[in-house]
2 protein chains.
Amino acid sequence: MHMDRASQGRDVPYLPIADSHRMSGASDTAYTAIRSYLLSGNAPPGSQLTEDRLSEISGVSRTPVREAVRQLESEMLLVRSESKRIFVADWSRDDIDEMFTLRQMLEGHAAERAAKLLGPADIEQLERVNEELHQAVDQDPPDVVRFLDANRIFHEIITNAARSPRLAQVLAMLVEQPVVLRTARQYSVEDLRQSARDHDELIAAFKAHDAAWAKSVMGSHLRRAFHTFADAASDAD
Amino acid sequence: MHMDRASQGRDVPYLPIADSHRMSGASDTAYTAIRSYLLSGNAPPGSQLTEDRLSEISGVSRTPVREAVRQLESEMLLVRSESKRIFVADWSRDDIDEMFTLRQMLEGHAAERAAKLLGPADIEQLERVNEELHQAVDQDPPDVVRFLDANRIFHEIITNAARSPRLAQVLAMLVEQPVVLRTARQYSVEDLRQSARDHDELIAAFKAHDAAWAKSVMGSHLRRAFHTFADAASDAD
DNA sequence: CGATCTGTTATTGTATACAATAAAGGGTTC
DNA sequence: GAACCCTTTATTGTATACAATAACAGATCG
């Protein structure tokens, strides 16, 4: 076991425990700017984007733009043509369905593991975050952005509690806030309340350290989220 | 000259149906070269690599190297330190376990869907590929590389049959051939034979369009693969 | 007309120089 | 001699010029 090249002592590789977006400086700028642009609605699904254009939008050169594009591609907000040109992704209803199905599977698994691994302090944190979420819903009008923030953190705590770096990484790709945001905009107050109650039940399952219960609640929670969206979307559009 | 909207007509975005590695030219070269290098055993887990070094190894400039590194990072063959330096990943037994657990979940799901979606022609293709795999095992000595090729194709057919681009993309990240290769080198001939028999049973499940059966077989298939590796590894090292 | 060929333009890919940052080393002070 | 600061070096990040390739458009020929 002679580590002939492994003579570094100080700067040790760190475990990627779901720190989704760790790009530095300009790359990060590009990522955030492009993402906002895609979310803003000014980018029609299916329309072409060029690196130069994205470079203008984000104010950095093409090099960091390319990195951001790669990331957004892996999150499927951008897609490429056969000749590598860049297009705004067009999520069909089936795509959303698929995304929620995969999330159900993976976050269900995370909830199972979390039920075994979460300590009292973690559960208290979940309760605090969910209290925040309740408050956001009970505001008049409900604060959807605040709700989504709390919701994201709630799910992230569970994902991280599963202590599975690969699971966390894969989920980071799948949990696309723009999509979730569009979804949540369709939510009625009742839907948001039900979501909060799901979280309450999830916490109860965690307190009981009942993995099967936690998985099951997570499953229906995400599945309902999909249908709420799908129904609202077909009504609206 | 403001084609701000979706005015492109010809070059339409294509669906990413599991065409894992679509880098072009130099990026592809870099990816392949670095991957081989990591697999060759000359790169001790935990050792540092620099972009310059990888540039020398692959014979292309740092720009495509960086893209390849990003890819290999997402496949967790490389990891970064807090200060963004690059290191050869060190897969613990738990990491491998985790990887197989996620594969079991996702490929089990793929098998379920495939059972419903596979047509007679697809099933014939699976049979042909598995025949190839049988032959590789029955050679004396067994041809592990040929076995792995057939094995990879077999699983890819199933993954693609599920018609779930996101599932395919996520699995492409998880199914790391280097790891699988190290695994397979530990296989005894009996292990390889059992693997081939699993595939036979999978095909039977597909012919019966029995989703639950297919999922179950896929589950034990992958779970056994993990234990075979884990046992052999703890014996050997 | 319609297809095809060809030059032109648009877009992505690659190399390279330079900037920013972090690590390593070495000397000074207490 | 241990902690601190400063200089030097190693490494990654960014911009930009240029190369390669694919789409576009106009001309040519059947």
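The values are calculated or read from the model by the stated rules, or taken from the named source; none is laboratory data. Because the structure is predicted, anything quoted here is derived from the model rather than measured. Don't worry about glycine lacking a Cβ; one is built from the backbone with ideal geometry, like all the others, and counts go over all protein chains shown.
Note on the stretch A:68-85: residues that are within 16 Å of DNA strand D (Cβ to nearest atom), surrounded by fewer than 20 Cβ atoms within 10 Å (Cβ to Cβ) and not basic (Lys, Arg) total 3.
Return yes or no: is B:LEU54 surrounded by 16 or more Cβ atoms within 10 Å (Cβ to Cβ), aliphatic (A, V, I, L, M), in contact with a Lys or Arg (Cβ under 9 Å, 6 or more places away or on another chain) and not assigned by TED's automatic domain parsing to the domain that holds B:ARG224? Give the steps one after another, and end with the answer.
On the way: surrounded by 16 or more Cβ atoms within 10 Å (Cβ to Cβ): yes; aliphatic (A, V, I, L, M): yes; in contact with a Lys or Arg (Cβ under 9 Å, 6 or more places away or on another chain): yes; not assigned by TED's automatic domain parsing to the domain that holds B:ARG224: yes.
It is true that B:LEU54 is surrounded by 16 or more Cβ atoms within 10 Å (Cβ to Cβ), aliphatic (A, V, I, L, M), in contact with a Lys or Arg (Cβ under 9 Å, 6 or more places away or on another chain) and not assigned by TED's automatic domain parsing to the domain that holds B:ARG224.
Answer yes or no as to whether B:HIS209 is assigned to a loop (DSSP other than H, G, I, E, B), at pLDDT 95 or above and in the same structural domain as B:ALA114 (by TED's automatic domain parsing). Considered against the rule, which asks whether it is assigned to a loop (DSSP other than H, G, I, E, B), at pLDDT 95 or above and in the same structural domain as B:ALA114 (by TED's automatic domain parsing), B:HIS209 comes out as yes. Considering the stretch A:33-51, the residues that are buried (at least 17 other Cβ atoms within 10 Å of the Cβ) and under 19 Å from the mean Cα position of the chain (by Cα) include one that is nearest to the other protein chains (Cβ to nearest Cβ), namely A:TYR37.
Quickly run through the stretch A:70-94 and pick out the residues that are more than 25 Å from A:PRO165 (Cα to Cα), not in a helix (DSSP H, G or I) and not aromatic (Phe, Trp, Tyr). It would help to see each step written out before you state the result.
Our first condition is that a residue be more than 25 Å from A:PRO165 (Cα to Cα); within the stretch A:70-94, this holds for A:79-94.
Add one more test, that the residue is not in a helix (DSSP H, G or I), and what stays is A:79-92.
Within the stretch A:70-94, A:VAL79, A:ARG80, A:SER81, A:GLU82, A:SER83, A:LYS84, A:ARG85, A:ILE86, A:VAL88, A:ALA89, A:ASP90, A:SER92 meet the criteria.
Do the conditions hold for A:ARG62, that is, is it touching a helix residue (DSSP H, G or I) at 6+ places or on another chain (Cβ under 7 Å), free of Cβ contacts under 8 Å to residues at least 12 places away in the same chain, more than 10 Å from chain B (Cβ to nearest Cβ) and within 15 Å of DNA strand C (Cβ to nearest atom)? When the stated conditions are applied, A:ARG62 passes them.
One line per residue, one yes/no per condition, for (1) within 14 Å of another protein chain (Cβ to nearest Cβ); (2) surrounded by 18 or more Cβ atoms within 10 Å (Cβ to Cβ):
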site	(1), (2)
B:VAL88	yes, yes
B:ARG103	yes, yes
B:GLU112	yes, yes
B:PRO120	no, no
B:ALA136	no, yes
B:ASP140	no, no
B:ASN151	no, yes
B:ARG163	yes, no
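Looking at B:SER24, B:SER36 in this structure, which one is within 13 Å of DNA strand C (Cβ to nearest atom) and at pLDDT below 95?
Numbers: B:SER36 fails: within 13 Å of DNA strand C (Cβ to nearest atom).
Just one listed residue meets the conditions, B:SER24.
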